[in-house]
Amino acid sequence: MKKTYGFAFLLILPILLSQIGCQQEPLNALDAQLIEQMNASSYGAGVAYYQLPNSDDLGSIPQDPKNPLTVEKIELGKFIYHETAFAVDVKYSGSMKAISCATCHHAAAGFQAGMAQGIADGGIGFGIQGEGRGVDPLCPLDSIDVQETRTPSLLNVAYQKVMRWNGSMGATGSNEGTEAQWVGTALSKNHLGFEGVETQSIVALKGHRQDMDSAVIHGTSYKAMFDAAFPTVPVAERYTNETAGLAIAAYSRTVMANKAPFQEWVKGDYTAMTANQKEGALLFFGEAGCYRCHNGPSLATEGFHAFGTKDLYQNTSAPIYNASIDSIETLGRGGFTGNPMDLYRFKVPQLYNVRDSPFEGHGASFGSVRAMVNYKNKGIAENPMVPTNKLSSMFVPLGLTEAQVDQIVDFIDNALHDDYLDRYVPSSLPSGKCFPNADLQSKVDLDCH
């Protein structure tokens with residue numbers, strides 16, 4: 001790429017002065033060019049367009065008007081999210097009071113599962129980053145709780161109106177007009193009128209075999225926390241999966257990778273990223289065109305695209321259970337909306353802390369960020385089941401050199417990595433139980449006794 005740093009600096013000096021104000025960190029020509037590029041990729045909004053708010057700045061965090069954020073609600077949600085004592089509707093006895101939301105979305109794996117397919121009920125073990133979890137050999141395979149797509153990350157979900165790879169969860173945003181499809185145990189919850197984060201959180205509790213056990217609530221500090229979080233909700237309706245789901249959603253909206261080096265750079269610390277990472281960011285927001293899908297604070301638009309990636313049932317790099325070629329999940333957005341134009345389109349994922357789990361794509365077909373970038377660079381579909389005429393017009397060879405790929409990978413792997421996600425994890429639970437899992441092998445792996 002041709003670099004005209006000095007000329008670019010002179011051109012955007014007024015913009016820089018208005019955007020960086022009294023920042024004292026050093027600004028060089030490479031920073032100046034990146035600021036200029038991000039002003040273009042944000043369609044004139046500027047670098048601030050990419051800033052994630054602090055997790056305690058509740059007024060700046062996108063939220064559902066039907067579920068306003070409060071400190072009390074967030075605190076309750078943090079505990080329920082990690083609580084294993086509410087796993088009382090399991091099919092396998094070995095999982096009784098031994099799984100939680102964090103079983104498949106934990107901080108050690110960037111709030112992903114750490115494996116190609118998350119295993120809740122019927123699973124055993126944890127390992128170091130979730131990679132050591134497997135199916136308990138004593139559990140019948142038709143009893144395990146697994147999904148037919150890779151577990152997505154919880155990070156930065158506040159910027160998503162709809163949830164799941166096909167976007168089926170949520171009553172607002174792109175799901176307005178899809179009401180005819182809101183049938184069945186899970187999708188009917190869209191009629192509650194909440195956004196996707198709230199709807200998914202409510203559905204997931206029962207769907208993943210958890211319930212607000214009265215004995216646990218009234219025998220611990222949970223009752224007082226529910227009372228503080230939902231003081232206007234009638235007592236008869238206060239300690240339910242719906243209120244618990246709303247609390248989990250409130251907590252989830254605060255879980256952001258806002259301490260990643262790129263975020264520090266956005267806030268004015270121009271030493272937070274290396275020169276190589278800045279070169280990668282220039283490509284990301286410029287020549288490589290990554291920003292066309294990965295834009296905004298979470299680097300994930302609300303779009304759906306067909307890039308011809310493999311489905312989970314086609315994965316041969318890890319054990320996969322109960323996933324099938326006949327599953328409606330293989331149809332992406334089209335499987336939900338019924339619109340042929342939506343077939344094989346999947347929701348754009350966020351990109352922070354993706355290196356924490358060595359599986360990318362809805363079918364976990366990429367073992368690293370590099371593999372994912374190389375795939376996009378080549379522009380050749382890997383899934384023979386996706387018709388060519390259904391592929392996105394943006395899925396074309398990018399013509400990046402190996403050095404440019406290295407720079408983009410460095411930017412995503414390292415500049416978008418928040419090293420301090422443990423700040424979102426409680427030190428202990430009101431129940432006193434181990435978490436995120438409490439089966440015997442997990443207790444050994446987690447050194448929890």
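Taking 0.36 nm per residue of separation and subtracting the Cα-Cα distance, what length does fully extending Asn374 through Asp56 add? Before the final figure, lay out each step's value.
Working: separation 318, 0.36 × 318 = 114.48 nm, distance 3.74 nm.
Length gained between Asn374 and Asp56: 110.7 nm.
Once you order the gyration tensor axes a ≥ b ≥ c over the Cα atoms, which shape class does the range 177-264 get: rounded for a/c under 1.5, otherwise prolate or oblate by comparing a/b with b/c?
Working: a/c = 2.00, a/b = 1.07, b/c = 1.87.
Because a/c hits 1.5 or more and a/b fails to exceed b/c, the range 177-264 counts as oblate.
Starting from the Cα gyration tensor of the range 295-431, take the square roots of the eigenvalues, sort them a ≥ b ≥ c, and report rounded, prolate or oblate (rounded when a/c is under 1.5, otherwise prolate if a/b is larger than b/c, else oblate). Mind showing how you got there, number by number?
On the way: a/c = 1.74, a/b = 1.21, b/c = 1.44.
Oblate, since a/c reaches 1.5 and b/c is not below a/b.
Can you find, among Ala85, Ala107, Met96, the residue sitting farthest towards the positive end of the charge dipole of the range 51-107, where Lys and Arg contribute +1 and Asp and Glu -1 at Cβ?
Of the candidates, Met96 comes out farthest on the positive side.
If the viscosity is 1.002 mPa s and the temperature 20 °C, what Stokes-Einstein diffusion coefficient in µm²/s follows for the range 271-315 when Rh is the Kirkwood radius over Cα pairs?
Values: Rh = 12.6 Å.
The Stokes-Einstein estimate is 169 µm²/s.
On full extension of the chain, what length is gained from Asp406 through Ala180, given 0.36 nm per residue of separation minus the C-alpha to C-alpha distance? Don't skip to the end; give the middle numbers.
Details: separation 226, 0.36 × 226 = 81.36 nm, distance 4.58 nm.
The span from Asp406 to Ala180 would gain 76.8 nm if fully extended.
Considering only DSSP beta bridges where both residues belong to the chain, give the percentage that are antiparallel (nearest 5). Please report the intermediate quantities before stating the final value.
Values: 8 of 9 bridges.
So the antiparallel bridges amount to about 90 percent of the total.
Give me the Kirkwood hydrodynamic radius of the chain, using the inverse of the mean 1/r over all pairs of distinct Cα atoms, in Å to one decimal. Working shown, then result.
Values: mean 1/r = 0.0439 Å⁻¹.
It is 22.8 Å.
Any idea what angle helix 241-254 forms with the longest principal axis of the chain, computed on alpha-carbon atoms, 0 to 90 degrees, nearest 10?
It works out to around 20 degrees.
Just from the alpha-carbon atoms, what are the Rg and Dmax of the range 216-292 in angstroms?
Here Rg and the maximum Cα pair distance are 21.5, 58 Å.
Pick from Leu138, Leu391, Leu69: which residue has the top mean-square fluctuation in a GNM of the chain where Cα pairs under 10 Å get a spring?
Ranking Leu138, Leu391, Leu69 by mean-square fluctuation puts Leu138 first.
Using 24 Å as the Cα-Cα cut-off, could you pick out the over-long pairs in Lys78/Lys278; Lys206/Lys310; Lys73/Lys347; Lys78/Lys206?
Working: Lys78/Lys278 35 Å; Lys206/Lys310 29 Å; Lys73/Lys347 28 Å; Lys78/Lys206 18 Å.
In this structure, Lys78/Lys278; Lys206/Lys310; Lys73/Lys347 exceed 24 Å between Cα atoms.
Helix 29-41 sits at what angle to the longest principal axis of the chain, using alpha carbons and giving 0 to 90 degrees rounded to 10?
Taking the Cα atoms of the chain, the angle to 29-41 is about 60 degrees.
Which value in deg cm²/dmol, rounded to the nearest 500, describes the helix-derived mean residue ellipticity at 222 nm for the chain, given -39,500 (n - 2.57) per DSSP H run of n ≥ 4 and division by the residue count?
Working: 14 runs with 131 residues, N = 449.
Value at 222 nm, helices only, nearest 500: -8500 deg cm²/dmol.
Could you tell me the calculated FRET efficiency between His191 and Asp419, based on Cβ-Cβ distance and R0 = 51 angstrom, to the nearest 0.05? Intermediate results must be reported in sequence, preceding the final value.
Numbers: r = 41 Å, r/R0 = 0.80.
Calculated value: 0.80.
In percent, what relative contact order does the chain have, based on Cα pairs under 8 Å that are 6 or more apart in sequence? Intermediate results must be reported in sequence, preceding the final value.
Numbers: 877 pairs, mean separation 106.7, N = 449.
Over the chain, the number comes to 24 percent.
Rounded, prolate or oblate: which fits the range 391-431 when a ≥ b ≥ c are the square roots of the eigenvalues of the alpha-carbon gyration tensor, with rounded for a/c under 1.5 and prolate only if a/b beats b/c? It would help to have the intermediate numbers written out before the result.
Numbers: a/c = 7.29, a/b = 2.35, b/c = 3.10.
It comes out oblate by the Cα gyration axes.
Report, in degrees rounded to the nearest 10, the 0 to 90 angle that the Cα long axis of helix 71-82 makes with the longest principal axis of the chain.
Here the helix axis deviates by roughly 70 degrees.
Give me the distance in nm between label points sitting 7 Å out from Cα along the Cα-to-Cβ direction at Lys223 and Asn322, one decimal.
3.5
Two decimals is fine: what is log10 I(q)/I(0) at q = 0.24, 0.29, 0.30 Å⁻¹ for the range 145-190, from a Debye sum with one equal scatterer on every Cα and no solvent?
So the normalised log intensities work out to -0.96, -1.14, -1.17.
For Lys161, give me every one of the aspartates and glutamates with a C-alpha distance below 16 angstrom, ignoring sequence neighbours fewer than eight places off in its own chain.
Asp64, Glu176, Glu179, Glu195, Glu198, Glu302
The numbers here are math on the coordinates, done by the rules we state, and not lab data. Since the structure is predicted, the reported quantities are computational estimates derived from the model, not experimental observations. Backbone-built Cβ (ideal geometry, glycine too); neighbour counts: all protein chains shown.
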